[in-house]
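Reading through the structure tokens given below for one structure.
Just so it is clear, none of the values below were taken in a lab; they were calculated from the coordinates. Everything quoted here is computed from the prediction, not taken from an experiment. Ideal geometry is used to build each Cβ from the backbone, glycine not excepted, and the neighbour counts take in all protein chains shown.
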Amino acid sequence: MKKFNIRKVLDGLTASSSSSSAAASPPSGSRENDMIQETLQSEHFQLCKTLRHGFPYQPSSMAFDPVQKILAIGTQSGALRLFGRAGVECYCQHESGSAVIQLEFLVNEGALVSALADDSIHLWNLRQKLPAILHSLKFNRERITFCHLPFQSKWLYVGTERGNIHIVNVESFTLSGYVIMWNKAIELSSKSHPGPVVHISDNPMDEGKLLIGFECGIVVLWDLKSKKADYRYNYDEAIHSVAWHHEGKQFVCSHSDGTLTTWNVRIPAKPAQIITPHGKQPKDGKKPEPCKPILKVEYKTTRAGEPFMILCGGLSYDTVGRRACLTVMHGKSTAVLEMDYSIVDFLTLCETPYPNDFQEPYAVVVLLEKDLVVIDLAQIGYPIFENPYPLSIHESPVTCCEYYADCPAEIIPALYSVGSKQKRQGFSKKEWPVSGGNWGQGTLSFSEIIITGHADGSIKFWDASALMLQVLYKLKTAKVFEKPRSKEEKSSTDIVDEDPFAIQILSWCPESRVLCVAGVSAHVIVYRFSKQEVTTEVVQLLEVRMQCELNEVESPEGGGEQASAVSTPGTSSSPQTSLPQSHPSTSSNNSSDGLRDNVPCLKVRSSPLKQSPGYQVELLIQLVWVSGEPPQQITSLAVNSAYGLVAFGNGNGLAVVDYLQKTLLLNMSTAELYGSTDPHHRQPRSPRKARQPSAGFCDGNDASATPEERCKSPTSGSGSPCNSDEDSKHKFIDKVMFKSKRISKTVANDFAKISRKINMIADQKDERRVRRHCSLPVKKQQSCVKEMKRRHAASFRETSLCDLNARDNSFSRSRSSSVTSIDRESREVVSSLYFCDSLSKRSETLAVPSLWVGTSLGGMMAITLSVPSTPEQRMQQPVGVSFCGSVVRLKGGILRMAQLDASGTFLPHVYEPWYEPNAPEEEREPPRRRRPTSLPSSQENQDCQYIVVCSEKQAKVVALPSQNCIYEHNITEASFVLRADVVTMTCGVGLACFCANGHIMTLSLPSLRPLLDVNYLPLTDMRIARTFCFSNQGQALYLTSPTEIQRITYSQETCDNLQEMLGELFTPVETPEAPNRGFFKGLFGGGAQSLDREDLFGEVTAGKASRSLAQHIPGPGGMEGMKGAASGVVGELARARIALDERGQKLGELEERTAAMMSSADSFSKHAHDIMLKYKDKKWYQL
């Protein structure tokens, strides 16, 4: 049992009291920095959402305005996404969060009606850049199932689950007293309820006839004027949808058995035609075999050819595993179009908005579960349109994200030039049919790029400038590796269950165009950008062996709490080099006892690799298994083009690789990096040899252990009696880890869902409980461990942060390390890396290349690098490494480090300008190392640099070379920081932080004054923690759903100009003319019959509806207020001009009618006068 040490307790109390006092008042060293003038103030910051990009998550409904050319999509979470032309998008959200079951446009009126699953309907005003709700109506006693809004009508028909139909005035959003009851619609002799209303539509040629479809298979043609049913149509199968022929004489119903029935309006006895599009027709004339339900059908006519009948569903039941299909029937031809995902809804786009005219369909918009497809009906083969929206973010699940604002101007054209060659071919040649709206007038003056890493190993570069998003270039990192053909061929060396190529960390230098990525299979790939195509015969491979021995350490800041550190990595502290391998590890082998050793997790491609213009592989680095232990996943990554170095770290330590010479410079444990300045009280190493290896953990083995000693049981007797107490503790810890391997797929994967800081206290308690019980018998020890893990699982279920979808859950599980909480908190991980030219030593007077290393226990160390100055020397001489020890310590893990000059200005990283790596030697420009600014030399006892360090709990500013902490700020006590970035604003530089409690904060630099603190978004999803990132100029983003990116701004300037930059959805457009009725139809009354709905449904005739039926909820500002706020001067003038034109047209028509009536009157007068003269002098008997 561990002995109680009162001195450590006193030391911990002293340290905690001193740190709290330091946080309460600024250090005395800050007086010398009072001369630094900070320009950033709190009025420069304001937080607001800007745009949401990507495919609407879990779509549920869709609508299209054929005049405005606007598409609306509703989701199961109550969101609305509105799309116009490319770059015109809008996001709205219903407060209730209920699913949107139906959408109806007020065509060319700039308004939209939405019906939700909570039995409420809402009227949205689209005449403003940020749409808002004008009215809401909440039904109390009936469930809404279907809505229908006739073209150019203000009366909305609402069908309910009880089979009734209510009528709503969309202008006032009040219910009419006119109600169609289900018992009056069906036959009186019917004893059963017809079920919910599944369809409502008016006859295209007679607005007074309403077609009502009930779920049971009954269709009723209702006469609105006489308030009775004209015809009733009965069919044995349930109805899913109904579609009219434009002449109003026929309609088509789709049924649950895969049949389509065509009915003549005046012949209700039986269908005129019954077809089963995908059913097998028996030869004996029997009824075809039933098929799957046809969920929707549309019937569209053309002037010059056969009508189109478009439907989804109806496939035969024997087509097991077949993907969802859309069927297009045109004349005698039937085309079955397979979709990648299940169909949610589809709409046919037609040339005219009038239902009583030839429809002339030209496209079909298909809303899929995870995609939006538009099919061209006018071309042979039905090609699809090229989608201009950024809806492919989720093509593979996003695993990491980085945001770069204020990029070099030439980088976007360079990426676009190589990415344009990757575009698919075979799209329709016509323009995208959803073309409504106008772009915003204001733009941002800087370029923005978003980089997303995905689960399949792909990386996408997106142009995010001017509040738009379009893909520039796609890189597939999995091409470097051999892919297993089947699950049976999956390598036994994999450390993840699925998606072994998933991207974990990205590091990109926009100026030099060097890209470095780290994957979940413990691999790092360095890429260089080239405009020329090359074929790489052999991929340059460098294998790194990182191992450690777990030791107990005590952190001085934690008051004696157990932390961890890594021990010997099996290499010396001097820089090492190793030749790169040209093939998948020829040195890979198994040790004599059957353990995997020197084996990488993934097999490298052995065949030649053709690399297209764009990013091309420079070097592949793989961590290998060590004595049966899998490599730890990489936790930090940094690359620098000026030095030609890439650094990465994990729980085993730090490695630095020279990617120019393809050599390993450094491979050390965290304990060795501290050197003599190690702040931890590390206990002496046990004389025992390595513990029994476990494939589920990454704790490493002592390299000096013999195979026989490696295979000893963790419960075997100790060889050293004098260390029996120490050995018993090690044995018990080993047994706990061995037992936890068996449940690594359940407990450990749950642990990976949330940050380790959330359960730090519980872990510490459990570790103390383990130590307390370490003298118990083995059985009691095992029961104690089981109880501890049961409590862990229960606590995690209680504090579960999110309910991810199945795909995202699998991603989280596959990414997690198999280390349990006992082992996780007992390891010091390299959490942050930063290359810069700095004064790392107190004795230095000139800035030298350096690498700053931050750990998960708050330690920050410096390493100086001696980089040869000339290009020739750089390729021949090795890079020198010198250790400076620990510089500063903070509470919590280090997240971000940055550098300021003497005036408090941000010093960007040093870089080498881009050059063509594949150019001939005589044409290649010599590489030029670029320094951001000329760093002044440090005089004696004078600081000329500042290093900014931010951890999960606090931030500090340290002066260099004196290494004095001049400013300190405790960011949070109850929570912890998830993401921190030093950002450049128009007026200065600051530190932006996002905490797990949802707060977004900004601090000034270097004084660390709080400037902004907004409770924006509580951490409800690990996806947000994984993808949230800040960028320069007040921009930030995160993945709000598996398919959508939410962009926000914390800049007051951007918020002020946001209205100008956003696009307009509604634009003044004249409604097309109504179809010409023709002379004979006008003479004999064969045209469309209009209906005075106001007279029929108004309060005077129909009366008032029951107040208890629905509750009216006015929107913010009301109709007039919203219209006034929504419309600008230009829009008002345009609408006034159109109104004047319409008025002039009507006046001209009135004048023509008046002239015709006068002419007719003159003719009648003349004829009457002639008759009078003819019979003037005749007697009555002469007539």
>> Order 909-916, 1024-1031 from most to least packed using the mean count of other Cβ atoms within 10 Å.
In response: 1024-1031, 909-916
> Based on the alpha-carbon gyration tensor of the range 184-243 and its eigenvalue square roots a ≥ b ≥ c, which shape applies: rounded if a/c is under 1.5, prolate if not and a/b is larger than b/c, or oblate?
Replying inline: oblate
> Rounded, prolate or oblate: which one fits the range 963-1051, using the alpha carbon gyration tensor with axes a ≥ b ≥ c (rounded when a/c is under 1.5, else prolate when a/b beats b/c, else oblate)?
Replying inline: oblate
>> Give me, ordered by chain and number, the residues 5 or more places off Val626 or on other chains with an amide H under 5 Å from its own placed amide H.
In response: Asn598
> For the range 295-307, in order, what is each residue's ³J(HN,Hα) by Karplus, 6.51 cos²θ - 1.76 cosθ + 1.60 with θ = phi - 60°, in whole Hz (x at glycine and Pro)?
Replying inline: 6, 7, 9, 10, 10, 10, 9, 10, 6, 9, x, 6, x
> Do the alpha carbons of any pairs in Lys287/Lys370; Lys49/Lys460; Lys249/Lys1104; Lys249/Lys296; Lys610/Lys662; Lys841/Lys956 sit beyond 28 Å of each other, and which pairs?
Replying inline: Lys287/Lys370; Lys249/Lys1104
> Relative contact order for the range 253-383 using alpha-carbon pairs under 8 Å, separation at least 6, rounded to a whole percent?
Replying inline: 16
> From the phi of every residue in the range 871-876, what ³J(HN,Hα) in whole Hz does the Karplus formula 6.51 cos²θ - 1.76 cosθ + 1.60 yield, where θ is phi - 60° and glycine or proline is x?
Replying inline: x, 5, 5, 5, 7, 10
>> Quick check: net charge around Ser420, other residues with Cβ under 14 Å of its Cβ, Lys/Arg +1 and Asp/Glu -1?
In response: +3
> Cα centroid distance between the range 223-260 and the range 971-1001, in Å?
Replying inline: 60
> Roughly how many Å is it from the Cα centre of the range 118-180 to that of the range 1031-1078, as a whole number?
Replying inline: 26
>> Show me the ranking of peptides 1096-1104, 641-649 by mean Cβ neighbours inside 10 Å, starting with the highest.
In response: 641-649, 1096-1104
>> Show me the GluC sites (Glu not before Pro) within the range 186-242 that DSSP assigns to loop and that have at most 13 other Cβ atoms within 10 Å of their Cβ.
In response: Glu187
> If R0 is 30 Å, what FRET efficiency do you get for Glu386 and Glu43 from their C-beta distance, rounded to 0.05?
Replying inline: 0.10
> How much net charge surrounds His193 when only the other residues with a Cβ under 11 Å from the Cβ of His193 are counted, with Lys and Arg +1 and Asp and Glu -1?
Replying inline: 0
> Sorted by mean Cβ packing within 10 Å, highest first, what order do the peptides 46-54, 539-547 take?
Replying inline: 539-547, 46-54
>> Would the range 289-448 count as rounded, prolate or oblate if I go by the C-alpha gyration tensor, calling it rounded below 1.5 in a/c and otherwise prolate when a/b exceeds b/c, oblate otherwise?
In response: prolate
> What nm distance separates the two modelled labels at Ala1074 and Asp318, each placed 7 Å from Cα along Cα→Cβ?
Replying inline: 5.3
> Can you run phi through the Karplus equation (6.51, -1.76, 1.60; θ = phi - 60°) for the range 1049-1059 and list ³J(HN,Hα) in whole Hz, with x for Gly and Pro?
Replying inline: 10, 10, 9, 5, 5, 5, 4, 5, 9, 5, 4
>> If you average the C-alpha positions of the range 332-393 and of the range 518-542 separately, how far apart do those two centres end up, in angstrom?
In response: 40
>> Out of all Cα-Cα pairs in the range 839-885, roughly what percent, to the nearest whole number, are more than 13 Å apart?
In response: 60
> Are there trypsin sites (Lys or Arg not before Pro) in the range 831-914 that DSSP marks as loop and that have at most 15 other Cβ atoms within 10 Å, and which are they?
Replying inline: Arg842
> What are the chymotrypsin sites (Phe, Trp or Tyr not before Pro) within the range 311-376 that DSSP puts in a loop, where the Cβ has at most 15 other Cβ atoms within 10 Å?
Replying inline: Tyr317, Tyr341
